[in-house]
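The values are calculated or read from the model by the stated rules, or taken from the named source; none is laboratory data. Quantities reported herein were computed from a predicted structural model and do not represent experimental measurements. With ideal geometry, Cβ positions are generated from the backbone for all residues, glycine too; neighbour counts draw on all protein chains shown.
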Amino acid sequence: MNILANNLKRQYDLYAPEYEEKALEVLRKGWYILGQEVSSFEEEFAAYIGAKYCVGLASGLDALWIGLKAMGIGEGDEVIVCTNAYIACVMGITINGAVPVFVEPDEYDNLDASKIEEKITPRTKAIMAVHLYGQSCDMSEIMRIAESRGLQVIEDCAQAHGTKWQGKTCGTFGRVGAFSFYPTKGLGAFGDGGAIVTDDKEVADYVRMFRNYGSRVHYQNEVVGANSRLDELQAGLLRVKLRHLDELNAERQRLADRYTREICNPSIRVLKTRPGCFNTWHQFEIHTEKRDALAAYLKEKGIGTIIHYPIPPHLSEAYAYLGYKKGDFPVAERYADEVLSLPIYNGMLEEEQTFVIEALNAFEG
Ligand SMILES: *Cc1c(COP(=O)(O)O)cnc(C)c1O
């Protein structure tokens, strides 16, 4: 059997006629940038998340970059972020001239809220809550700290489309919720895409202006902006998938439940979900000290896996200038050596999952 870590073709096949009909409709309309599909998607996605506004952008990185900029984050400001975040989270901060201040993750692989306060300085302006692998950070604690210390919050929801914390949808806690629609994400497009959601009209207006060369009125440019527009084709296809997002999340939930029930190998620790979190299972994450041996063994059997992520941002070459070294953030460094994402995708067959589970349980290391 050959099982990919992620199989986008299977997900496509689930609703292929609907995507194909929409694609042709958009192609035949002759209007490809900032039109009806984008504004309808923005309305529908805002309603789905439970936010007042959504502004479509070209990528998740742009959503973090422009979202932080709209919050007034700039040169020399400090932004608190998890040490095991994706590199894009940190880039969203540093593109704005701001400084990432790293806080180690907890046992759920997300920002350890109990370690935030010791990192706050007079320059701290914001906390970035990255909802990694589809599960939510402890938003009660993060919002309590932010409110008591006068900090803003941006949520990176690139892996958490529809994830909830205590019944409230992620992306609605902070001033800005940033989403990616990269094809592998829970709500994935057929190319690049992203968006911010917010209840703050000023933020929404600023992002809408910035994404189109800093222009609200054609050819009048207020700031040096960006070309960061979600296109009509992606927006139309995202509208189709959004109608099915709850089913897609429920299917991954069933796959995750089965993994959780049936993986029983003493050398493998299945990542638990924080009580109070409705997990949308962007990844199914395990930890094992024998990670590289396990990945090689699974590969041998035809089972694909991915490491999210092998190099924590503070040790990446791009951030050598921050001056960190190995040993500075031992929890994130250990996680980088231990984590492995198992195959989990919409359209995964029962016998494929059985094969993966049997292989995992037979692994002796
Ligand atoms: C994918 C991802 C991003 C970046 O999104 P792009 O659309 O690829 O720019 C940012 N943060 C997290 C946590 C992600 O998983």
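Okay, residues lined up against (1) among the charged types (D, E, K, R); (2) surrounded by 21 or more Cβ atoms within 10 Å (Cβ to Cβ); (3) under 19 Å from residue 277 (Cβ atoms):
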{"residue": "210", "(1), (2), (3)": "no, yes, no"}
{"residue": "222", "(1), (2), (3)": "yes, no, no"}
{"residue": "227", "(1), (2), (3)": "no, no, no"}
{"residue": "235", "(1), (2), (3)": "no, yes, no"}
{"residue": "239", "(1), (2), (3)": "yes, no, no"}
{"residue": "245", "(1), (2), (3)": "no, no, yes"}
{"residue": "257", "(1), (2), (3)": "yes, no, yes"}
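Tell me, please, whether a residue that is within 16 Å of the ligand (Cβ to nearest atom) and farther than 16 Å from residue 66 by Cα can be found in the stretch 144-158. No: zero hits.
Exactly one residue out of 251, 289, 285 is within 16 Å of the ligand (Cβ to nearest atom) and either of a type outside the set (Gly, Ala, Ser) or surrounded by fewer than 17 Cβ atoms within 10 Å (Cβ to Cβ) (or both): that is 285.
When 72, 67 are checked against the criterion of being assigned by TED's automatic domain parsing to the domain that holds residue 225, surrounded by 13 or more Cβ atoms within 10 Å (Cβ to Cβ) and within 15 Å of the ligand (Cβ to nearest atom), a single residue qualifies: 67. The listed residues are 192, 112, and the only one of them that is at pLDDT 95 or above, acidic (Asp, Glu) and within 16 Å of the ligand (Cβ to nearest atom) turns out to be 192.
The residues of the stretch 112-142 that are in a strand (DSSP E or B) and either assigned by TED's automatic domain parsing to the domain that holds residue 336 or of a type outside the set (A, V, I, L, M, F, W, C) (or both), listed by number, are 124, 125.
Rundown of residues vs (1) surrounded by 15 or more Cβ atoms within 10 Å (Cβ to Cβ); (2) of a type in the set (Phe, Trp, Tyr); (3) assigned to a helix (DSSP H, G or I); (4) more than 26 Å from the chain's Cα centre (by Cα), yes/no style:
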{"position": "326", "(1), (2), (3), (4)": "no, no, no, no"}
{"position": "331", "(1), (2), (3), (4)": "yes, no, yes, no"}
{"position": "340", "(1), (2), (3), (4)": "yes, no, no, no"}
{"position": "348", "(1), (2), (3), (4)": "yes, no, no, no"}
{"position": "354", "(1), (2), (3), (4)": "no, no, yes, yes"}
{"position": "365", "(1), (2), (3), (4)": "no, no, no, yes"}
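When 154, 145, 93 are screened for being more than 27 Å from residue 286 (Cβ to Cβ) and part of a strand (DSSP E or B), only 154 passes.
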